[in-house]
Structures are given as C-alpha cells and as structure tokens.
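A.B. asks: Take a look at the following structure, please.
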Amino acid sequence: MMNKRKLTSAAAAGIVCLLVVAGCGSSELNEETVNSTSRQVIEKPDKTITIIDSEPVAASEVEVVKIDKLEGVRGMDWLGEDKLIIDKLNKNMEPVTIEGEQRYPHNLYIRDSNAGQASDEALQEESHDQGFGMLSPDKKYLFYKKHEENTARGFIMDLATRKSAPMGDLLMGASDGEWRDNESVIFPSFSGNIYSSDVNGNVQLLAKTKKSINYNVKQVGTKVYYISTNNQLTVYDTATKETTTLDKGVTWFIPSPDGQQYALVKRVTETEMELKLLDAELKPKQTIAKSTQVYGTSWSPDGSKLAYNAISEDGGVKGIFVADAVSGKTTQISVDVQYASDELRWSPSGKKLMTSTSVMQENSSYSFVTYLISLK
C-alpha cells in the first residue's frame, strides 16, 4: 500500500533558494571577473562532458579543464576526489504523496563519478525524504536530515557501520548546521537557540539567544557567529558568555579553514550586495565582488581561493566565479550554471568544484542537475 504521509520535497529547499535569488534587483561585477571561453560538448551515457578552451589566465587565476554534467542528481559533498555523496529519487521504494502529488522519496547515495550511475550505492534506503548530506572533515561521518513538512530533523551516520544517530528531538531548518570538527556538529534549532551534537547524537546547548530565527551558524575557537533577525551578524563568546552585534545587513559570513580570515556578503543597497574579505580581526581587506545576488560562497581547502555565485537581474553577469584570496583577481569559470541552489563544494585537493541547480522539466516539475568542474 502506498504511503500517504505528506512529506516536504527535498527538492523544494533548492527551488525556494532559486526563487529568492531570482527575485532581486540588478548590478554588475567588476570587469575583470569575466573571461571569454569556447565549449565543446561530448555526450556520454551517464553524463555530458563540456571541454572548455579558456583564454590565457594570470598565475593567480584558475583555468577550467572540463565540466561533467550529472542529470537527476543533487550533489551533496565529496567523499574523495572521484566519489560523491548525492541525493536522488529512490525508485526501489514505493511512491509517497508529496504536497498532493506522488513521487519516489529522495535518498542519499555514494557515486563514483568515473563509473557514473551504475555505481550508485544507497546509504540507507527508506520511504522518508533524506537530504543535506555533509561529511565530517575526516570523511568518517555524515550529517544529514530527514524532512518533515517545512522543517527537518538531524541525524549523524557512521559510514563504516551505516548506523545513524538522531540529533535529539530538535527541529531545524532544511539547510542549517555544519561540522565544527571531526566529531561534532553545530546548528540552530527552530527555537533560535544554538546547539552542538556529537556523533552519537548527544546534544548540548551552546547559546541561548533572544532571537527566534538564526542561521549561518559558525564557530571559530570560543566564538560562535550567527546571523539573526534583520540580518544582524552576531557573535557569542562561549568563554565570556557575552553576545555582541558586529554588523547589519549581512546575508552570509564564512570563516576560512584556518579561521584567520573571513568572507562576508552584505547587502549595501536594495539592488546590490558586496562580497568582502576580512582579516583575523574582522577588519575589511578588500572587496571581491558586487552584484544583485552573491551566494554559495565557499573557501578552497587551503584558504587560497574563494568560489561564489553571482547574478544580476538583467542577466548581464551570472555564473560561478573563483577569486584569489590574496590578489582578489577573479575568474568566471562557468556561465552554464545560472542559479546554483547550494553552497559550492570543493574536492579535498581543491582541484574540483561541485554545484547543483534545479531546472524545470517539460511536465512543469523540477529536477536537479549537478556540475563537477575540474580546474587546472
């Protein structure tokens, strides 16, 4: 018998992100952010490979070698240079009813990018929607979520045993939370309070806040950073127990891997955002980009580069960009991915980038597409 429980689509979180991004005003990036490229497309059974011929680039820039296109897949994280954690429909399960429509549940899989779809291995098959797969830094554990209506519950899976531990009974947002080290996750609950959970699911309260909505929670040393109501960047010091508002109008705050510099995305006007680099003391170093929307920002593993997605309402500048964190020199690496729905993900070596987007099909439904971008 078909499961009639109403579940929230795992794809919905990405689609909502796209709608938010697409609904803003226009501006332009700096002239040096755009490189002209030519493309040759090669069709293969499980993927489309796009070969990029780029113009010569400076030593501080990157060069795109190829782009692999994975249909019907939402890329989550890198298990290795060629192995991925992906989200896709599990057609081995019975269809479930999602917002009045029947479809297969989203489950998480391991895929070998060289072997394609034939290599897909389900991590834990079930009729419940799974999503937001994020690996611990040592790749031994997987933080993921099971969606419930417009909320989610967190779980941590031991990849060696495939056993999962629930992160208490707290509800959280579909895209909230991240690893703070190899054995613990930090996340805000729907109450606004900030918690940590170890790999066994033991939850501790880190910060009791006065705000009901907090997101983009990060921890560097004893300091817990988060963005609260009205886009206020706030820091709570777990040692001194003091809470301080640092800035307003902030949409994203991303510490570098070593915690010695920060990327900050801030709305400066109704139609313009800025991506800035800050030093260890949170003082501005340089402005990397200006555009209507800047999002998906991610540091390379060694902290030398910063990848981000930028668009303008008129379509004049859109796509994925990589900036050198020292010189600020920026290279456009893909104009094919107009609206990325997730944070950009670097491979362990820093030589590949992964991004996903949702596209409308002929039947007006949405499907995910993932791009694996190889850099030289």
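The values are calculated or read from the model by the stated rules, or taken from the named source; none is laboratory data. Remember, it's a predicted structure, so these values are computed and weren't measured experimentally. Methodologically, a virtual Cβ is constructed for each residue, glycine included, from the backbone with ideal geometry; neighbour enumeration extends over all protein chains shown. Quick note on the areas: whole protein, heavy atoms, side chains included, nothing else; ligands and nucleic acids left out. Shrake-Rupley method; radii C 1.70, N 1.55, O 1.52, S 1.80 Å.
Residue-wise test of (1) modelled with pLDDT of 95 or more; (2) closer than 18 Å to Gln332 by Cβ; (3) of a type outside the set (A, V, I, L, M, F, W, C).
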residue	(1), (2), (3)
Ser256	yes, no, yes
Tyr262	yes, no, yes
Lys266	yes, no, yes
Glu270	no, no, yes
Lys276	yes, no, yes
Lys290	no, yes, yes
Tyr295	no, yes, yes
Gly303	yes, no, yes
Gly316	no, yes, yes
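A.B. asks: Looking only at segment 76-94, decide whether some residue is closer than 21 Å to Val322 by Cα and touching a Phe, Trp or Tyr at 6+ places or on another chain (Cβ under 9 Å).
C.D. replies: Scanning segment 76-94, I find at least one residue that is closer than 21 Å to Val322 by Cα and touching a Phe, Trp or Tyr at 6+ places or on another chain (Cβ under 9 Å), so the answer is yes.
A.B. asks: Also, quick follow-up: Looking at segment 247-296, what strands (runs of 3 or more DSSP E) fall wholly within it and have at least 3 residues that are closer than 21 Å to Gly221 by Cβ?
C.D. replies: The strands (runs of 3 or more DSSP E) meeting that bar are 250-255, 262-269.
A.B. asks: What do you reckon, is Gln232 in contact (Cβ under 8 Å) with a residue 60 or more places away in the chain and open to solvent by less than 60 Å² (accessible area, probe 1.4 Å)?
C.D. replies: no
A.B. asks: When you go through (1) surrounded by 17 or more Cβ atoms within 10 Å (Cβ to Cβ); (2) in contact (Cβ under 8 Å) with a residue 40 or more places away in the chain one by one for Pro137, which number turns out not to apply?
C.D. replies: (1)
A.B. asks: Shifting gears a bit: Mind counting the residues in segment 76-126 that are open to solvent by 50 Å² or more (accessible area, probe 1.4 Å), within 29 Å of Gly296 (Cα to Cα), assigned to a strand (DSSP E or B) and in contact (Cβ under 8 Å) with a residue 24 or more places away in the chain?
C.D. replies: Of the residues in segment 76-126, 1 are open to solvent by 50 Å² or more (accessible area, probe 1.4 Å), within 29 Å of Gly296 (Cα to Cα), assigned to a strand (DSSP E or B) and in contact (Cβ under 8 Å) with a residue 24 or more places away in the chain.
A.B. asks: Picking from Ser184, Ser189, Ser175, which residue would you name as being within 20 Å of the chain's Cα centre (by Cα), of a type outside the set (Phe, Trp, Tyr) and open to solvent by 70 Å² or more (accessible area, probe 1.4 Å)?
C.D. replies: Ser175
A.B. asks: When you scan segment 306-330, how many residues do you find that are touching a residue at least 60 places away in the same chain (Cβ under 8 Å) and surrounded by fewer than 24 Cβ atoms within 10 Å (Cβ to Cβ)?
C.D. replies: So the count comes out to 10.
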